[in-house]
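The values are calculated or read from the model by the stated rules, or taken from the named source; none is laboratory data. Everything numeric here is computed off the predicted structure, so don't read it as measured data. All Cβ positions, glycine included, derive from the backbone under ideal geometry; neighbour counts span all protein chains shown. Areas reflect the complete protein model, heavy atoms only, side chains present, ligands, DNA and RNA absent. Shrake-Rupley method; radii C 1.70, N 1.55, O 1.52, S 1.80 Å.
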Amino acid sequence: MKVRAAVFASGGGSNFQALLDHQRPEGDWGVVLLVTDRDDAGAISRAVGASVPAVVIRTTGRDAAVVALETLHLLERYRVDLILLAGYLKLIPREVITRYRGRVLNIHPALLPAFGGKGMYGMRVHTAVIESGAQESGATVHFVDEEYDRGPIVAQRRVPVLAPDTPQALAARVLEVEHELYPQAVDHICEALAAGREPTPITEKIK
Ligand code: GRF
């Protein structure tokens, strides 16, 4: 069985693009849907370019239960098996996490559990890494549960922090690694899912 993935993205969607570029017709998984919370998300034009349906689900000022129901209906309509968060800045409704337990992945631009948690996103992560004096950072793919950035880690890859470094330069270095790591981690997870096995983390770090 081929795994049907929905990507959730709020921003430019370069990780979404990396996933689109990596999927193969004969592979274990394919992207069948883009979900975004913003009309102006750059990810939308990438979806259009790849003939992937893009749906905006607004969350701001709306009842969380209604958003959850709308999201679940959409995922059902597209027979989605796996959710891939790629720069999605809103909290995934609890009902969706419950329905898709063990089937939601995220990519974070640091070596979790360090530099994660509520409020740790975008340049804030890279600024915090540099200010801490850490000599390395990296990217982490992890399962998503109810807590921010706390679910089991699937794969990580290291990136050096250079002196002198800027948050922007570090972000670009990490992003390059994200674009390789996320599709590889999805391959790994979907190989198991497609074979009817429960996915396990990549125990050794992907080099
Ligand atoms: C990435 O750094 C990712 O780790 C984080 O959000 C950023 C999204 O970038 N969760 P992009 O929209 O994929 O370019």
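Which residues in the range 1-43 place their backbone N less than 16 Å from a point set 7 Å from the Cα of residue 79 along the Cα-to-Cβ direction?
Within reach of a label on residue 79, which here means backbone N under 16 Å from a point 7 Å along Cα→Cβ, the range 1-43 contributes 1-6, 28-33.
Counting only Cα, what are the radius of gyration and maximum Cα-Cα distance Dmax of the range 73-121, in Å?
Computed over the Cα atoms of the range 73-121, radius of gyration and Dmax are 12.4, 37 Å.
Under a 1.4 angstrom probe, counting protein chains only, how are 132, 51 ranked by accessible area, largest first?
51, 132
Would you mind getting the accessible area per residue of the chain, heavy atoms of the protein chains only, 1.4 Å probe, in Å²?
Result: 50 Å² of accessible area for each residue.
Which whole-number value in Å³ per residue fits the convex hull of the alpha carbons of the chain?
116 Å³
Output wanted: per-residue J couplings in Hz (rounded whole) for the range 75-84, from phi through Karplus 6.51 cos²θ - 1.76 cosθ + 1.60, θ = phi - 60°, x for Gly and Pro.
Rounded to whole hertz, the list is 5, 5, 4, 9, 6, 7, 9, 9, 10, 10.
Can you give me the % of accessible surface on the chain that is carbon or sulfur? Probe 1.4 Å, all protein chains present, nothing else counted.
Roughly 53 percent, rounded to a whole number.
Would you kindly find the accessible area of residue 76, with a 1.4 Å probe and non-protein molecules such as ligands, DNA and RNA excluded, rounding to the nearest 10 Å²?
Here the accessible area works out near 130 Å².
Cα-Cα pairs above 17 Å in the range 105-207: how many percent?
Looking at the range 105-207, the distances longer than 17 Å represent 50 percent of pairs.
Quick one: 3J(HN,Hα) in Hz for the range 191-200, Karplus 6.51/-1.76/1.60 with θ = phi - 60°, rounded, Gly and Pro as x.
The phi angles translate into 4, 5, 4, 5, 8, x, 9, 6, x, 10 Hz.
Could I have the simple spin-label model distance between residue 166 and residue 95, label points 7 Å from Cα toward Cβ, reported in nm to one decimal?
4.5 nm
By what distance, in whole Å, do the Cα atoms of the range 36-132 stretch along each of the three principal axes, largest value first?
Ordered largest first, the range 36-132 gives principal extents of 45, 32, 28 Å.
What number, rounded to the nearest 500 deg cm²/dmol, is the helix-based mean residue ellipticity at 222 nm of the chain, given -39500 (n - 2.57) per DSSP H run of at least four residues and division by all its residues?
Helix contribution divided over all residues of the chain: -11000 deg cm²/dmol.
Mean separation of Cα pairs under 8 Å and 6+ residues apart, divided by the residue count of the range 1-72: what relative contact order is that in percent?
Relative contact order here is 31 percent.
Before anything else, pin down the relative contact order of the chain: Cα pairs under 8 Å, at least 6 apart, normalised by residue count, whole percent.
20 percent
At 1.4 Å probe size, what's the solvent-accessible area of residue 174? Round to the nearest 10 Å².
Rounded to the nearest 10, that gives 0 Å².
Ordering 79, 24, 103 by how much accessible area each has at a 1.4 Å probe, largest first, what is the list?
Descending accessible area places them as 79, 24, 103.
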